[in-house]
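Report on the structure given below.
Please treat every number below as a calculation from the coordinates, not as lab data. Predicted model, so just to flag it, every value in this text is computed and none were measured. Reconstructed Cβ throughout: ideal geometry from the backbone, glycine too, with neighbour counts over all protein chains shown.
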Amino acid sequence: MSYTAKPTIQVYKGWNTFYEKPVDEKLDFFTRDGRLFDVIFAQQFDRKFLDYICRLADKVRQLARTKMGAEKLRHLLPHKRCMLYFVQPSTRTFLSFLNACHILGLNVSESRGTSTSSEVKGESQEDTIRTFASYMDLIVARHPEAGFAEKTAWVLNRTDRPVPIINGGSGPDQHPTQALLDIYTLERSFKDIGGLDGKKIAMVGDLKRGRTVRSLSYLMKNYADITLYFVSPDIFKMKPDILGFLEKHHIPYHETDDFESIMPLVDAIYMTRIQDEYADDATRETGTYPEFDFKKAHLSMIQAHCALLHPLPRRYEIEVEVDQDPRAAYWRQERNGMWLRAALIAYVFRVDDEILKEFT
Ligand code: CP
């Protein structure tokens, strides 16, 4: 007979006080020697870092094209081990991190649920993560709870074996590495027209619970002259904390439920699905919202250079016939995630110089 004990809830003195602090006041805690150590929030990335990580991802991609280059990459980190702790479903974040590790030669262990770990015997989440840190040099965590990656990094940084934590998605809160690959995709899409600066970007769908649009919105402060258009049904409007952040950083935004009216205006459209896994009453919110879908007929309404992004997975919000259009960037975006995450892991382990050296 299977038995699952109640999870042990451990009390960590000081955690609640730390968690309540504004993010700006916490950034130093996740930094070592002026470099990112843990990757928890999109607010950790400044323009210099964003430009650097995109350049590094380009170099990883370029090197990996040849057998000799791929071998050089594979010899960078064979002495390091990475734990992929993904206890919320994932296809592309998991696989792109897994393959990013393979590109750099890391050994990888994985847990994709709690049912086969000692968490069924009541071991706490924090002790589970400490156990990973006993064997691994890096932990990538995807978890349904907001704040999970932050707490585990806070716990580990106070032990004698702190290993870096990368947030692979924390509930409806943040998905910082998705934001990095979104920036990388936008910059590549606009490389012949001045990059991301000065562009108008629409974010469409469930903006209230979509962690990808939240993290991407934070990054907009790093670019000049951005205008955002938030397009959603009334019940899924962007939350006030993000709107307040944009106001504080003087980033103009417009909210609308008229998708077609903004299509001709924007340089990029970032589609999202309804995130009903976070619904209070899932049966109430499983409806579709066809007026917020991008259809083949809309291709004639957008600009010739407009980039169509989606973090994926999608349901009905982009018709499959749109995939054939060169402006549909979402499958490229997905693959960009692997190169970008390989660059991030190389940066975390400080072998980024060795990659760039190949090009001097
Ligand atoms: N974009 C994204 O996070 O996809 P997965 O949930 O499949 O990882």
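Annotations for the structure displayed:
- Extent along the principal axes, Cα only, for the stretch 76-121: 38, 23, 8 Å, with the longest axis given first.
- Debye equation applied to the C-alpha atoms of the stretch 1-142, log10 I(q)/I(0) at 0.14, 0.20, 0.22 Å⁻¹: -0.89, -1.41, -1.47
- The distance between label points at H102 and H305 comes to 3.7 nm (points 7 Å beyond Cα on the Cα→Cβ vector).
- Rg/Rh for the chain, where both radii come from Cα atoms and Rh is the Kirkwood radius: 0.96
- By definition, a body whose alpha carbon gyration tensor gives a ≥ b ≥ c is oblate when a/c is 1.5 or more and a/b is not larger than b/c, and the stretch 179-322 fits this oblate description.
- Pair V11, H254: separation of 7 Å Cα→Cβ label points (nm): 5.3
- Note on R161/M68: beta-carbon distance plugged into 1/(1 + (r/R0)^6) with R0 of 45 Å gives a FRET efficiency of 0.80.
- Links that overshoot a 31 Å alpha carbon limit, given the list K67/K151; K59/K199; K72/K191; K67/K191; K48/K295: K67/K151; K48/K295
- Dividing the convex hull volume of the alpha-carbon atoms in the stretch 285-360 by its residue count gives 132 Å³ per residue.
- Long pairs among K13/K121; K6/K239; K21/K221, criterion Cα-Cα beyond 28 Å: K6/K239
- Subtracting the Cα-Cα distance of F18 and A297 from their residue separation scaled by 0.36 nm leaves 95.5 nm.
- Pairwise centroid distance, computed over Cα atoms, of the stretch 3-51 with the stretch 133-193, Å: 10
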